[in-house]
Amino acid sequence: MKIGIPKETKTLEGRVALVPAAAADLVRADNDVYIQSGAGLMSGFSDEDYIRAGVNIEPDAESLYGVSEMIVKVKEPIAGDLKYLREDHLLFCYLHLAAEPALTQSLLDIGLTGVAFETVEEADGSLPLLAPMSIIAGKIATQVGTHTLHHPLGGKGLLLGGLPSTERGKVVVLGGGAAGGNSAALAAASGANVVVFDKRQDRLAQMMAMGSNVTALYPYQELVAEEISNADLVIGAVLVTGAKAPHVISEEMVKGMEPGSVIADISVDQGGCIATTRPTTWADPTFVEHGVVHFSVTNMPGAVPRTSTHAISAAILPYVQRLAQADWASVPSLHKGINVQGGQIVHSALLD
């Protein structure tokens, strides 16, 4: 199969879908691999690195899309990409269509087959292509949230971990999965008091096991409102596979938070789990609503492309190898990953 790797077009997105070593494996399996010139530079890979791996370099997006049958990229296509996509393309990337009705309609109009990383699901319910970026996003949310609490950035001027003679800061995390769990772990390691909400008892147990400064609770609405009212940092990490994230925190709850507090909503890719969330970019990552600083960049892991690219490439390569075979749709995990095909919405969460 002819596999194309375009340069990412979202603001300050530095990732590339496949590292040269992964591309070389695809070439050894008798695939023709193409990459847009410069696509790997921000991740630390030159065109020459890909050439040594047997990859063909295309000078621009038009040429790359024109020669390819399968498009493997990181983030969803935007205006610069959509004009080059064709009905016969197999698109494999993060799509997050539940929060993007206009993009969904564009892909339906094109008629291509779109398989989303975030809905490729194994028999045990795991999401292997979402997990690595969720881990990174979770860590970034805590790192950025901690920094944003600094007074020059609009925060209340608090050191999360505290020190003798001062109180520790308080972090509330919504969701104890890959993203929320890693947010909580980093916050706990800093010395903050951490409260994690989740509905699953196994995850609550995992969160409690992190240490004596971590409390794990069921997300009763009144209890969530009570805990965030005096939180310094709130991290949203709620996921419903393929669907729009539910609003766990209402606008009234946000109004009840202290001025200078910080919200980091990792769920923004799926619409956000906090009512006041709106998408931002790394060029302008935060905004203030009701006195609370919000951080809601839609491609958080793109800020650390040298780490993220290695992680995503290793995760997706086995699935790219299978997609390159004619009978790929017979693989249950990949079949679950289909979001749109032939002008129709396929994934049940999108239909709902």
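The values are calculated or read from the model by the stated rules, or taken from the named source; none is laboratory data. None of the values given here were measured: they were computed from a predicted structure. Glycine gets a Cβ as well: all are built from the backbone with ideal geometry, and neighbour counts include every protein chain shown.
Odds and ends about this structure:
- First in the stretch 278-292 and among the charged types (D, E, K, R), second anywhere and surrounded by 15 or more Cβ atoms within 10 Å (Cβ to Cβ), Cβ under 7 Å, 6 or more apart: 278/296; 289/254; 289/276
Quick grid of which residues meet (1) polar (S, T, N, Q); (2) over 27 Å from residue 297 (Cβ atoms):
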| site | (1), (2) |
| --- | --- |
| 138 | no, no |
| 144 | no, no |
| 164 | no, yes |
| 181 | no, no |
| 199 | no, no |
| 206 | yes, no |
| 210 | no, no |
| 215 | yes, yes |
| 224 | no, no |
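- Hey, residue 292 within 30 Å of residue 39 (Cα to Cα) and β-branched (Val, Ile, Thr) or not: no
- Among the residues of the stretch 247-292, those identified as of a type in the set (S, T, N, Q) and within 23 Å of the chain's Cα centre (by Cα) are 250, 267, 270, 276, 277, 280, 281, 286.
- Answer from 80, 40, 54 - the residue that is touching a residue at least 12 places away in the same chain (Cβ under 8 Å) and on the phi > 0 side of the Ramachandran plot: 54
- For the stretch 185-240, the tally of residues that are acidic (Asp, Glu), under 20 Å from residue 158 (Cα atoms) and assigned to a helix (DSSP H, G or I) stands at 1.
- Any chance residue 147 is touching a helix residue (DSSP H, G or I) at 6+ places or on another chain (Cβ under 7 Å) and over 30 Å from residue 337 (Cα atoms): yes
- In the stretch 188-202, the residues that are surrounded by fewer than 21 Cβ atoms within 10 Å (Cβ to Cβ) and on the phi < 0 side of the Ramachandran plot: 189, 190, 199, 200, 201, 202
- Exclusive hit being touching a helix residue (DSSP H, G or I) at 6+ places or on another chain (Cβ under 9 Å), modelled with pLDDT of 95 or more and either surrounded by fewer than 13 Cβ atoms within 10 Å (Cβ to Cβ) or assigned by TED's automatic domain parsing to the domain that holds residue 147 (or both), set 209, 205, 237: 237
The rows are residues; the columns are (1) more than 14 Å from residue 7 (Cα to Cα); (2) small (Gly, Ala, Ser); (3) surrounded by fewer than 22 Cβ atoms within 10 Å (Cβ to Cβ).
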position: 42; (1), (2), (3): no, no, yes
position: 55; (1), (2), (3): yes, no, no
position: 73; (1), (2), (3): no, no, no
position: 82; (1), (2), (3): no, no, yes
position: 89; (1), (2), (3): yes, no, yes
position: 95; (1), (2), (3): yes, no, no
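- Screening 63, 43 for residues that are out of contact with any Pro (no Cβ under 7 Å at 6 or more places or on another chain) and either under 23 Å from residue 340 (Cα atoms) or modelled with pLDDT of 95 or more (or both) leaves exactly one candidate, 63.
- In the stretch 185-206, the residues that are under 18 Å from residue 240 (Cβ atoms) never reach a residue that is at pLDDT below 95 and in a strand (DSSP E or B) with C-beta atoms less than 9 angstrom apart, at least six apart or across chains.
- Filter result for residue 138 (assigned by TED's automatic domain parsing to the domain that holds residue 221 and surrounded by fewer than 24 Cβ atoms within 10 Å (Cβ to Cβ)): no
- Residues within the stretch 1-44 that are within 17 Å of residue 316 (Cα to Cα) and acidic (Asp, Glu), tallied: 2
- The single condition among (1) closer than 23 Å to residue 325 by Cα; (2) in contact with a Leu (Cβ under 7 Å, 6 or more places away or on another chain) that residue 31 does not satisfy is (2).
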